Amino acid sequence: MLLDSLVMIALAYIFGFLYYGLYRNISARVHGRFGPSLAQSFFDSIKLFLKENSTNFGWMFYAGPIIMMTGAITTLLFIPYLNGSEHLIGLSQYGNLILVLYLMVLGPLGNAMGIGSNGNPFGIMGITRGLTRLIGLELPFYIAAIGLMIANQSADIGVIMTNQSEGCNAFTHPLLFIGAFISFLGFMGKSPFDVVGAPQEVYSGPATEFSGKFFAIALSQSAIFSFAKLLLMVNLFLGGAEGLVELVAKTFALFLVAVLVGNVYARFTTIQSVEFLVRVPTGIALVGLLFV
Amino acid sequence: MFNFAMTPLGNLFFGLTLIVFASLLLIKNERRDLPLYVLLFASLGVIFYASDLITLFVGWEIMSWSSYFIIAKSARIETLQKYIIFNLAAGFALLGAIVLIVAFAGTTLYGEIDFGKVPEALHVPITLLLFVTIAIKSGIMPFHYWVVDTYEESDHIFSAILSAIISKAGIFLFIVIFSQIIGYRYLHGSLFDVLAWLGVITSIAATFKAISQEEFKRLLAYSSIAQIGYIVTVLALLEGSGIEAGLYHTIIHTLVKLLLFVNIASIIYITGKTKFSQLGNLLYDYPILFVLLLIGIIALAGMPPLGGFNSKFLIYTALLEEKKALLLVAVMFSSASAFLYCYKLIYGIYLGQASGDKEGYRELPVGFYIPQFIAAIILVVLGILPSLGIVPLNPILDSLGFEVSSYGSLFELHTAFASFNGGVLMGLFGVVFALILWLVTSVKSKAVMARDRYDISYCGETPDPQNNLHYGYGIGEELRRISFIGVILANSTAAYWEHISKLSSDSSLMLKKLYSLGTQYVGLFVLLFFTILLFLGVR
Amino acid sequence: MIEFLKKHYEIVEKGSRLYKLQIESDKLVEILSYISINSNFITLSQIACTDWIEDEVFSLNYILTTKERDKNLMVEVRIGRVHCSLPTLLTLYPQAQVMERDLHEMYGINFRGNDTLYDFALENWNEIPPLRREFDTLAYVNEHFDFRIGREDNKDVKVEVKRRKAQAKELKDGK
Amino acid sequence: MENNDNQLIKIYHGPQHPGITGNMSMELDLLGETIKEARTHVGYLHRGFEKLIERRTIIQAFTIVCRICVPEPDPNEENFARAVEGLAGIEISQRAKYIRVMVLEMARLAAQMLWMGGQSGSIGLGVVGQWSVYDRDLILDLFEELTGGRVYHMYIYPGGVRRELPNGFLEKLAQLLDYLERRLLDYDGIFFENSTFKKRAIGVGVVNRDEALKNGYVGQVLRGCGIERDVRRDNPYLVYDKLDFEIPTYEGCDVYSRALVRRGEMVESIKILRQVIAQMPSEGAIMQKLPKHRKFKLPKEDIFVATESARGEFGYYMAGDGSEFIRRMQVKGPSLIHGFTLLENLLIDEELSNVALIMNSLGICPPEMER
Amino acid sequence: MSENTQEGFVDQQKVLNNEEYSIKNTQSIIQKAVDWFRARSMFVLAYGTGCGAIEMPPIFTSRYDIERLGVIGVATPRQADILIVSGYCSYKTLKRVIRSYEQMNEPKYLIGLGSCTINGGMYWDSYNTIKKLDEYLPVDMYVNGCMPRPEALIEGFVKLQDNIRNAKSEAGYIQYRENNAFYRANQEKIFGKNTIPTFEENFAGMNQ
């Protein structure tokens, strides 16, 4: 079970950085330029790890990114990779969907403790924006999750995944899928909802004081965490994957849509994003809930 | 005349009271009025172990009055008036319900009461009267007017007792009367749905009000209203899983509020300040208090590794079983927005920049730490062994006639919908944390301490200490701009109650005028009164 | 509209759309408010100050523009160079606040009534206001900074050219 | 407003910040993320232009003048040239006037492209910045061919222009204009009609319309409030009176209408350039005979000239004193008023996330504020 | 001419001429790999200090696209490796540049654009701009030109990457840390005693 988890973490790390490299290349092509090599984000995080010194603001600031990374890895390990195979399931038989939904918030909240302790006003403003946006983001995603749990009469991700053998949830519950996907965009931090660390507004928000190895952890955490969220969406709505190839294909398809939407829209303010999230995706998901 | 019985439900509630009172009495507090606390403790014992309605009511009245005198020591007149008016109203509503039940059921003993004898017409008024009592005591929305001011202005230690135990009296009453005395077959489901929705609306409104508070005691008061709102919602399902979730959350909430209120009391004791905007950066001066508050808010927000998640999990699965999707959406929404006030509580006091200079702080006596350690340890243990909380609940469910929930080992928590393993979760969290901590410390890059608190990247400028850099006040500010939250924050029920109090004072003035007309009219009134009574009696 | 003003003051016509008017410094606010109310020169576009050190005088030109932004009127005021102070125009034009701040810092003119004359472009500057003619910027630079070695400066160009020609010829003879 | 009990937090939208146009800083007092008081700080780019001009002859001052405003140097050169010509009484040939108008309009197009990059970058739309800076580079290539310099051209000199047009230049310019016209439709799709940009820009940074003229606002701020003012038509210089072009105005007074005004101006600039290519006289000396720079004396006169730059009216006051050195040259750019009185009022009770948006829409360029 | 500018600790003249100046060609294998990663991914601080900043958008956008070399812009000095002083530097800006430079984490590099950072350039006689940037901060790479073209800027980056990869020149930050007194003396000459927060304690731990 230990080896299984280590392989899962390694896969998530590699895929996370590969997708992030692809993201930078795809948006470069949209911009009309070549863009960096695929492994550029990998190089960035290694270089940041190798920096000679990094600024520390006390033990709580030191623990912040570590809790964030722990939250990301624990979320990842509670989501099974494959549909119906005993490999790469990590610890998902000990957890369920409600636990994963709450674990997704644990990492950022732990990180918020670290950022709060360094005393930088921009850091705390980014955190407050994140938590305010969370109010809007959680609603449609929870409604979709509740709809699936009631439809499948179980909160276990494995069960929800296997029940989609005849038609994946994206087609049987389309409205739930649309609501969840819009809030998934927000979770992935793509505009129009990337208000948390907007450099033009809040001087790079929570990551203002991250230097050297702390910034490296933040980058690798966001790689693993975005892969975990992609995995969750694929398992819940696209019927999970039999083999690794199908897994990569489905996660990359979702990721591509998120990237292209992100490239086309400007950024909302925090208030506008909550107003939008509480009206449009929540309305769609609520209507979808009626048909569950 | 007073008879008591040892019931598992009574044991649970009395056990919690014991924990709270024992740990709080260890705090050396000069203005201790011990006799009143003992009287309060006794009255709670009477309520929990009463086996007939009269003793229940007597215990209830003593509780209200003894806490009234304790609060009177430090609260303003208006707050006291609010407290006593509402609690008296609760007492009278309870008395009315008891009178109606006893009048028809014949006996006052729990065992022999057969609710069948009570005529159909009276069922709804009895439940409504009981709703009023429960709503007032647990601060459901329209009747929460007295809660926040009382918690804020009463003595810091007593507000911990108020929020941890006395607010649970309504919950105890709910279970005892509805499931034990009346029994679920006589209850109207629709009325309880209304109560459930009232509970959820209370928790949502209280959560957003809590975020926008400026003093931390008021924030905690609103937060306890919100949490009890969940319990009332889940109990109103009138199901075994509902009762189990409600009781589990009662245990968690008592421990969490004990921990948080005592932590806040120690901060007020040290600094003498009560506002977020006056404090900040106490993290490295009082690290133990910080870690304890951290455990408290993780449990309050219901985050996975600690016990708080178990009760949230049970509440969600209970609502899922009953297919109450909209209700569950509202509960999840309010618990998602609870993260903001949890973070504001810990940021405003411990993190961020110090606002103002930090001298003139008193030394904290050790007594303040004990209750916090007790509560924190229990919460952590509950996180590792979730089913440890189920152990005391099973006999209660069995005594109320519901099927007992089975659990494999103490590590798992099973419900119809799903199960999870607390031990694996906490273990995984610890292992991964240690792994990454080792990775980060072993890397060549040396972590150099920042020069001073103001060596922050500040757009190239140098921050000067006179300007305030503490964001304590600003965290809830932005919510006013969001339309639906702004509506909640803007109007409050205060105006509604002022209107009622004006109405009642006008009518009493009119009565006084009538009364002072002269004695010859007195006879007329007496005659009028008896004729009405006669007329009622005949029918 | 300009004829109406010509009746009251002697206005010189400098270009097809540029007029000039010379007034005393103590009647400044009164005339400017009269002009901005009665004529259509309602906006203050710029306050330009020139330092005539040989006549011992600062000449400030308040450049007004019409509502249609087609004609400019330069209202000139002359004040002494030593204790120079003028009434502020904040009551007439809010944008004057910044311009007065600039001139206060650059020339040391004190604008009575404008209490927000804190520093505009220079930070802890303790020399004399830089745009006054008596402040020599080259002397200040030579005193505070050192130039890189090998950067000969403002040598006479002709001497340099002659030296280089001689050097080239000598090289050619040598080869 | 003093810090009532530490409720306000002070931050700097400082010199080192990805959300500002150039090197200036805003000192903001925030209640939550609502700005309660804003103060502009400049002086980071102060080089003491006007002091240096007093020590330089005309040709030496000419090289330094175009460095005043970085995104759009040509209106400064043209203003300086016209002021010196006004003082010295030089009359330039018709062909030189047409070339100058061509250079000014090309510079305006390049500046609007750069503005689009800044405006969209302030709300996270990176794509528009990438495209518009690329298109601006095509214009800079033409400038390089014409004047030898990409951004600082040092081409318009008192008495005319310094170099003859390279052959085939006008055809290249015509091709570029066709390409840019097609390109504007793409920008409509990605930027001007972008639903989230509209949601962010409409009703934000609303300028008070009836005090706009009195407070001396210029350029897009006026035209964004429906007031039709443009120095090229109201106080025409060079050959603008012979060219016909409209002045685009929109009624919204907010960021979105200022953006649409700029879009209209790009269309007008392309139209003007096409007329200039058509009407360019083929003969005429591009440079008048001028005395040697040590003997180029200016009379003891003063003059005020104004030109319309991409962000508003640029005013030059110049005074000569009989010697070959200019006695005084004072520059007043559009951002001096927009950056202080207007910006500090617009930001009161505004959200922190709109600071970069409003600053870009007013086209604030710090070097011209403190020179 | 004050004496401490004569024998600058690393002869700035050599850095100016970009001569082959390899003081430590003896890189160990690990150090070579570390330097390879450092050269492969560089974060530039988003700070347009002077008029050269107008040439930064073209190199970060689609025409010249410096992201191919692994260079991206970041917002805060903590995350940045490279600080570009793009053109002349007035008193006020120099104070902020020094604070940003000191807040960056080592290894950090400084690129000076334009002739204004080399010898004052066009504003040699201005009272408010500094004449030699390397008196106040160690400069790793000069890019000449009165506002260097984008191609020159990219050439500067490539040359700096080459220097880092093969340790061709001693990095400026080591000088700044070891002989901080030299730089602080110059800074205090124009700023006066206590206007910028002192630097020593921050890296006191590093020196011994």
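Read-outs: derived from the displayed coordinates by stated rules, not from any lab. Note that the structure is a prediction, hence the values are computed from the model and not measured. We place every Cβ from the backbone using ideal geometry, glycine too, and count neighbours over all the protein chains shown.
Averaged over the residues of B:419-426, the number of partner chain Cβ atoms lying within 10 Å of the residue Cβ comes to 5.
The distance linking the range A:85-105 with the range A:233-292 is 20 Å (Cα centroid to Cα centroid, whole angstrom). Cα centroids of the range B:411-435 and the range A:29-45: 39 Å apart.
Near A:Phe43, once Lys and Arg are set to +1 and Asp and Glu to -1 for all other residues with Cβ below 14 Å from its Cβ, the sum equals +3. Taking a sphere under 13 Å around the Cβ of D:Asp241 and counting the other residues whose Cβ falls inside, with K and R at +1 and D and E at -1, yields a net charge of +1. Taking the Cα centre of the range A:2-290 as reference, the dipole from Cβ charges on Lys and Arg (+1) and Asp and Glu (-1) amounts to some 720 debye. Note on D:Glu145 and B:Met6: their simple-model spin labels are 10.3 nm apart, each label 7 Å out from Cα toward Cβ. Each Lys and Arg Cβ is given +1 and each Asp and Glu Cβ -1; about its Cα centre, the protein assembly as shown then shows a dipole of about 1420 debye. Using R0 = 45 Å, the C-beta based FRET efficiency linking C:Ile2 and D:Arg55 works out to 0.75. Straight-line cross-link partners of C:Lys7 among the lysines, defined as a Cα under 25 Å from its Cα and at least 8 positions apart when in the same chain: C:Lys20, C:Lys27, C:Lys67, C:Lys71, D:Lys214.
Projecting the Cα atoms of D:Thr21, A:Ala223, E:Gly121 onto the charge dipole of the protein assembly as shown, computed from C-beta unit charges around the Cα centre, puts E:Gly121 farthest toward the positive end. Beyond 19 Å in Cα-Cα separation lie the following of the pairs D:Lys97/D:Lys242; A:Lys229/B:Lys312; B:Lys209/D:Lys10; B:Lys137/B:Lys257: A:Lys229/B:Lys312; B:Lys209/D:Lys10. Remark on the protein assembly as shown: A:Cys168, B:Cys342, B:Cys459, C:Cys49, C:Cys84, D:Cys66, D:Cys69, D:Cys365, E:Cys51, E:Cys89, E:Cys116, E:Cys146 stand apart, with no other cysteine beta carbon under 4.7 Å. Along the Cα-to-Cβ line of E:Glu151, 7 Å from the Cα, sits a label point; which residues in the range D:149-188 have backbone N less than 13 Å from it? Under 13 Å, as judged by backbone N against the label point of E:Glu151, lie D:150 of the range D:149-188.
For a paramagnetic label modelled on B:Ile532 (point 7 Å from Cα along Cα→Cβ), amide N atoms under 19 Å away belong, within the range B:488-517, to B:504-517. Ranked by the mean number of other Cβ atoms within 10 Å of their residues, highest first, the peptides B:173-185, D:100-112 fall in the order D:100-112, B:173-185.
Per residue of peptide D:50-62, the mean number of Cβ atoms on other chains within 10 Å of the residue Cβ is 3. Within the shell of other residues whose beta carbon sits under 12 angstrom from the beta carbon of D:Glu77, the net charge comes to +1, with Lys and Arg scored +1 and Asp and Glu -1.
For D:Lys198, a cut-off of 19 angstrom between C-alpha atoms picks up these aspartates and glutamates, skipping any fewer than 8 places away in its own chain: A:Asp194, A:Glu201, A:Glu275, D:Asp186, D:Asp188, D:Glu251, D:Asp254, D:Glu350, D:Glu351. Highest-first packing order for the peptide set A:49-59, B:346-356, B:109-119 is B:346-356, A:49-59, B:109-119, based on the mean count of other beta carbon atoms within 10 Å. Ordered by the count of other Cβ atoms within 10 Å of each Cβ, fewest first, D:Cys225, D:Cys253 give D:Cys253, D:Cys225.
Backbone N atoms of the range D:37-66 closer than 16 Å to the 7 Å Cα→Cβ label point of C:Asp119 belong to residues D:40-48. Given R₀ = 35 Å, FRET efficiency for D:Glu193-D:Leu165 by Cβ-Cβ distance, to 0.05? Efficiency at R0 = 35 Å is approximately 0.40.
B:Val291 to C:Leu171: FRET efficiency via 1/(1 + (r/R0)^6), r the Cβ-Cβ distance, R0 60 Å, to the nearest 0.05? My answer for the efficiency is 0.15. Note on E:Ser28 and B:Ile377: the model spin-label points, each 7 Å out from Cα along the C-beta direction, lie 4.9 nm apart. For chain B, the longest principal axis of the alpha carbon atoms and the long axis of helix B:422-442 meet at an angle near 20°. In the protein assembly as shown, a dipole from Cβ-located charges (positive for Lys and Arg, negative for Asp and Glu) runs towards its positive end, and of D:Leu140, B:Ala325, A:Leu185 it is D:Leu140 whose Cα lies farthest in that direction.
Taking the range E:27-207 as the region of interest, the number of lysine pairs whose Cα atoms are within less than 13 Å, with members eight or more places apart or on different chains, is 4.
Extension gain for B:Asp464 to B:Ile268 (0.36 nm times residue separation, less C-alpha to C-alpha distance): 67.8 nm. Please work out the C-alpha center-to-center distance from the range B:310-350 to the range B:37-102 and express it in whole Å. Between the Cα centre of the range B:310-350 and that of the range B:37-102, the gap is 30 Å. Annotation for B:Val487 and B:Leu439: the two label points, set 7 Å from Cα along the Cα-Cβ direction, are 4.7 nm apart.
For chain B, the longest principal axis of the alpha carbon atoms and the long axis of helix B:77-105 meet at an angle near 50°.
Each residue of the range D:66-82 was assigned a 3J(HN,Hα) from its phi angle through the Karplus expression (A = 6.51, B = -1.76, C = 1.60, θ = phi - 60°), giving 6, 7, 5, 10, 6, x, 8, x, 5, x, 5, 4, 5, 4, 4, 4, 5 Hz with x at Gly and Pro. Other protein chain C-beta atoms within 10 Å of residue C-beta, averaged over E:96-102: 4. The angle between the Cα long axis of helix B:287-301 and the longest principal axis of the Cα atoms of chain B comes to about 50 degrees, rounded to the nearest 10. The dipole here belongs to the range D:48-370: it is taken about the Cα centre, uses +1 on the Cβ of Lys and Arg and -1 on the Cβ of Asp and Glu, and is about 1020 debye.
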